[in-house]
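Colleague: I have a structure I would like to understand better, so I am pasting it below and will then ask my questions one at a time.
Since every read-out is calculated from the coordinates, none of them should be taken as a lab result. If you're wondering where the values come from, they're calculated on a predicted model, not measured in any experiment. All Cβ positions, even for glycine, are placed from backbone atoms using ideal geometry, and neighbour counts span all protein chains on display.
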Amino acid sequence: MYPELMVIPMREELTRAGIKETRTAEDVDAAIATPGTTLLVVNSICGCAAGKMRPGVRMAIANAANLPDHKITVFAGQDREATERARGYFEGNPPTSPAIAILRDGKLVYLMQRYIIEQSTAPQIAGELVRAFDEFCAKTTVQ
């Protein structure tokens, strides 16, 4: 684990964008249990999180017409229980950090893992997330 003082700016980069930190397993469960769509960001201290994932997530949130109902984050390597619990919702996918998931009513519907993040630029990540938000988070109207 890194000293918390080093991690604060990395945490704040997402919380300033309106993403709620979940620092315990109970926080994660409570957030995922809330009906609707949830963006779950597994934050990390690594370079691909700093240069690609966090900026991509911020760009997507700022530019998307359809947003998830809820947005939460856990920090891998810092908030271990919360991160383990969050990854438990990834239905058999290997744990990676960083990672970006969308859940609908507690069920995984989208997952972007580290290997995709590493091969992408921040604008590419943002574009893919906007596409995923449109697919999985658009509100439907019943007539």
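Colleague: Based on C-alpha coordinates, I'd like the Rg and Dmax of segment 4-136, in Å.
Modeller: Considering segment 4-136 through its Cα atoms, Rg and Dmax are 13.1, 38 Å.
Colleague: Can you sort Leu39, Leu14 by how many other beta carbons sit within 10 Å, fewest first? Write down the numbers at each step before the final one.
Modeller: Details: Leu39 26, Leu14 23.
Fewest-to-most ranking of Leu39, Leu14: Leu14, Leu39.
Colleague: Among Leu40, Leu129, Leu5, which comes first, second and so on when ranked by fewest other beta-carbon atoms within 10 Å?
Modeller: Details: Leu40 27, Leu129 23, Leu5 7.
Ordered from fewest to most neighbouring Cβ atoms within 10 Å, Leu40, Leu129, Leu5 come out as Leu5, Leu129, Leu40.
Colleague: Given springs between every Cα pair under 10 Å in a Gaussian network model of the chain, which of Arg80, Arg16, Arg114 has the largest fluctuation?
Modeller: Arg16
Colleague: Run down the lysines and flag those whose C-alpha is under 27 Å from the C-alpha of Lys52, throwing out any fewer than 8 positions away in its chain.
Modeller: List returned: Lys20, Lys71, Lys107.
Colleague: Below 10 angstrom from the Cβ of Ala17, what's the summed charge of the other residues (Lys, Arg +1; Asp, Glu -1)?
Modeller: Values: positive: Arg16, Arg54, Arg58, Lys71; negative: Glu12, Glu13.
Taking every other residue near Ala17 into account, the sum is +2.
Colleague: Defining a contact as two alpha carbons under 8 Å apart and six or more residues distant in sequence, what relative contact order in percent does the chain show? Could you put the intermediate results ahead of the total?
Modeller: Values: 245 pairs, mean separation 46.4, N = 143.
So the answer I get is 32 percent.
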